[in-house]
Amino acid sequence: MELDFRSFDKNSGLDKQRTLFKECFPETIDTTSSSQEHYHWKFHSKLGEMESAEYCAKEGEDIIGYYAAIPYYYTFQGKTLRTGMVCDVMTGVKARGKGVFTKLGLYSTNEMKNRGFDLTTGYPIRPEVIPGHLKVGWKKTIELPLFGRFIRFDSFLKNKKLGILAPFINLVYSSLIYIYGAVTLPKKGKFATTIYTSEEIDKIGGLFAFYEKWQSEIPIALSKDNFFIKWRLGAPGQKYYLLVLRENSNIIGVLVAREVTKENVPCMGILDIAFLNGYHHKANILLHELIRLSTSKKRELVLVMISNFWAGVYGLKKSLFLKTPFKFFLITKNLSGAITENEIMKESNWHVMWIDSDDL
C-alpha cells in the first residue's frame, strides 16, 4: 500500500470525505452531522487567529484516512495555549489494521506543531482508537465518566425488553424522588434563574463578563468569548438552552444543555456547567431547573460528561446523578512545551466537559 499524506482540500475532496465519514460513523447517516452544511459550520465558520487543520491519507485517488483539528484557545498562567481539538479522525474499513491511523496521526500532529499549535486535545470513547494515539505521543490525561440522572424509565426498559415494568418502576422512582426532593429541594432565596435559547444569547446581559471572570479562576480554561459561544452553540439544526443563575443582577452560574437521543432514549445532554468561586454549591439550583425543563420536553434521562473532581465540586451525587459504565478520556499531546507535562496531567487544572469537544 503506497500512501500519500497531505493537507485536505475541501474544494476537490469534500464529497469523498463525507462518504468516508458516513462509512466510519454510520450512526450519523440521515442526521445533520453528516451534511456538508455541518462540515462547513464545524471547520470553516469559526473566527479566530488560526484556521482548522485538516489532513488526509490517499491511496491513488481514494481518501482512506482523515484527521482534523479545530483551533480552541485555553489560558494558562496568563498565556494563551493554541490548542487543536482533534475530531472526525477516521480510517476507511478496507484500510484498517495496516498502520494508516498511526502514520496519519504522526504526520498530522507534526504538521500542527509546525503551524504553531501548542497542544492537541481529544475525547475518545472507543477504546480501540486510543492505542493508535498513544503510539504517536498522545497521553491519557483525565478520565471523564458519563453521569446520568433518570427522569423516567420507559425507553430504557423498552430497549431491555422490559417495557412492561416501566409504569411500576416509574411510580416507585417518582415517589422516592418526591420524598427526597421534599428534604433536599434547593432554596433559591436571593438567587434567580432564567432560561434562554441559543437564539437569545445577545439578550443575556453580563454573559461574557461572567465567562471572562470564570476563565480567570480556572488554571487551564477554555476561552468562552462572544465568538466562541455563538459559534459553538450555532450547530445547524440544533437548539441549545442556557440556564443562568443570578445573585441580584450578577451572573454567578451558567448551565448549557441540548436535547439529544442516545440509544433510543430521549435525553438532555449537559454541555457545560460553570460557576464562579464561592458559588459551586449552588449548582444544584440549575440542575433542579434543568430536570424541570427536561421533564417538560419529555426527556427521560439527563447526561453529563465530567471529571470525577468536578462532579464532586458540583455535588452531582446529591442531585441523584449516578456514574454510568461509559467513560470518555481527555487525551493530549504537548507540541510546543508552552506548558509542562506535570501541569497538563493535573486533573484539577482542567475544567472540561462536552463544550470542550465537538460532541452534542
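The values are calculated or read from the model by the stated rules, or taken from the named source; none is laboratory data. These numbers come from a predicted model, not from an experiment. All Cβ positions, even for glycine, are placed from backbone atoms using ideal geometry, and neighbour counts span all protein chains on display.
Quick notes on this one:
- Any hit, region 81-90, residues being surrounded by 18 or more Cβ atoms within 10 Å (Cβ to Cβ) and part of a helix (DSSP H, G or I): no
- Criterion violated by residue 300 - all others in (1) of a type outside the set (Val, Ile, Thr); (2) touching a Cys at 6+ places or on another chain (Cβ under 8 Å); (3) buried (at least 23 other Cβ atoms within 10 Å of the Cβ) satisfied: (3)
- Count of region 182-210 residues which are loosely packed, with under 14 Cβ neighbours inside 10 Å and either within 22 Å of the chain's Cα centre (by Cα) or without any contact (Cβ under 8 Å) to a residue 60 or more places away in the chain (or both): 14
- On the stretch given as region 217-245, residues that are under 18 Å from residue 46 (Cβ atoms), of a type in the set (Asp, Glu) and exposed (fewer than 15 other Cβ atoms within 10 Å of the Cβ) total 0.
- Where residue 51 falls short, out of the listed (1) touching a Pro at 6+ places or on another chain (Cβ under 9 Å); (2) not in a loop (DSSP other than H, G, I, E, B): (2)
- For region 178-223, the set of residues classified as on the phi < 0 side of the Ramachandran plot and small (Gly, Ala, Ser) consists of 181, 182, 192, 198, 205, 209, 216, 221, 223, listed by residue number.
- 1 or more residues farther than 26 Å from residue 240 by Cβ and assigned by TED's automatic domain parsing to the domain that holds residue 227: qualifying helices (runs of 4 or more DSSP H) within region 115-206: 154-159, 166-184
- Enumeration of residues in region 22-34 that are within 19 Å of the chain's Cα centre (by Cα), touching a residue at least 40 places away in the same chain (Cβ under 8 Å) and in a helix (DSSP H, G or I): 32
- Considered as a group, the residues in region 211-262 that are small (Gly, Ala, Ser) and modelled with pLDDT under 95 include one that is farthest from the chain's Cα centre (by Cα), and that residue is 249.
- Only one of 49, 61, 23 that is more than 30 Å from residue 218 (Cα to Cα) and at pLDDT below 95: 61
- Residue 157 hydrophobic (A, V, I, L, M, F, W, C), farther than 27 Å from residue 279 by Cα and at pLDDT below 95: no
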